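Trainee: Supplied in structure tokens, the structure appears directly below.
The values are calculated or read from the model by the stated rules, or taken from the named source; none is laboratory data. Remember, it's a predicted structure, so these values are computed and weren't measured experimentally. So basically every Cβ, Gly included, is an ideal-geometry build from the backbone, and we count neighbours across all protein chains shown.
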Amino acid sequence: MRNIAKRWVDDVNEIDAEAKKLYSKNYLSLRYEDLLTNPFDEMRKLWKFFKRKKIDKSLDNKIKAEMKSNPDEQWQAERNEGIASFLPKGQAGNWNRLFTDRDKSIFKEVAGDVLIKWGYEKDLNW
């Protein structure tokens, strides 16, 4: 667990730092979890980033409908062959529900600050 947490922290920090260094103001970070919970608001951030002036509010329902569909579901099931079939798809926070108390303690110790920085947790009381 310690290695997994460290690798996650290193990956997140490195990707963000490199993207900012390479693209500066031309870099926008979006979180999958935010896309799930507020798809239209997150898309609005993306459209604003691309300087899209007019945003059609009727896209809200279209985006929600698209978020519910998964045209690759069969392919994903065949590819995974049961490896992660027990994980509910399209739900944020699965990692936290699967962790034992020991896993949580180790992950919090190694990655707690990054979880807070990226808005996955509000504090270390989880």
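Trainee: Can you pull out every residue in region 67-89 that is surrounded by 11 or more Cβ atoms within 10 Å (Cβ to Cβ) and either at pLDDT 65 or above or not in a loop (DSSP other than H, G, I, E, B) (or both)?
Mentor: M67, N70, Q76, A77, N80
Trainee: On to the next question. Looking at D11 and the list (1) under 18 Å from E66 (Cα atoms); (2) loosely packed, with under 12 Cβ neighbours inside 10 Å, which single condition is not satisfied?
Mentor: (1)
Trainee: Any residue that is of a type in the set (G, A, S), modelled with pLDDT of 90 or more, assigned to a helix (DSSP H, G or I) and touching a helix residue (DSSP H, G or I) at 6+ places or on another chain (Cβ under 6 Å) - is there at least one of those in region 93-113?
Mentor: Taking region 93-113 first, the residues of a type in the set (G, A, S) are 93, 105, 111-112.
Adding the requirement that they be modelled with pLDDT of 90 or more leaves 105, 111-112.
From what's left, assigned to a helix (DSSP H, G or I): 105, 111-112.
Right, trim to touching a helix residue (DSSP H, G or I) at 6+ places or on another chain (Cβ under 6 Å) and you get 111.
Yes, region 93-113 contains a residue that is of a type in the set (G, A, S), modelled with pLDDT of 90 or more, assigned to a helix (DSSP H, G or I) and touching a helix residue (DSSP H, G or I) at 6+ places or on another chain (Cβ under 6 Å).
Trainee: When you scan region 14-32, how many residues do you find that are in a helix (DSSP H, G or I), within 14 Å of the chain's Cα centre (by Cα) and modelled with pLDDT of 95 or more?
Mentor: Taking region 14-32 first, the residues in a helix (DSSP H, G or I) are 14-26, 32.
Next cut, within 14 Å of the chain's Cα centre (by Cα) only: 15-16, 32.
Next cut, modelled with pLDDT of 95 or more only: 15-16.
Final tally of qualifying residues: 2.
Trainee: So which residues in region 95-109 are free of Cβ contacts under 8 Å to residues at least 24 places away in the same chain and β-branched (V, I, T)?
Mentor: If the condition is that a residue be free of Cβ contacts under 8 Å to residues at least 24 places away in the same chain and β-branched (V, I, T), then T100 is the only one that fits.
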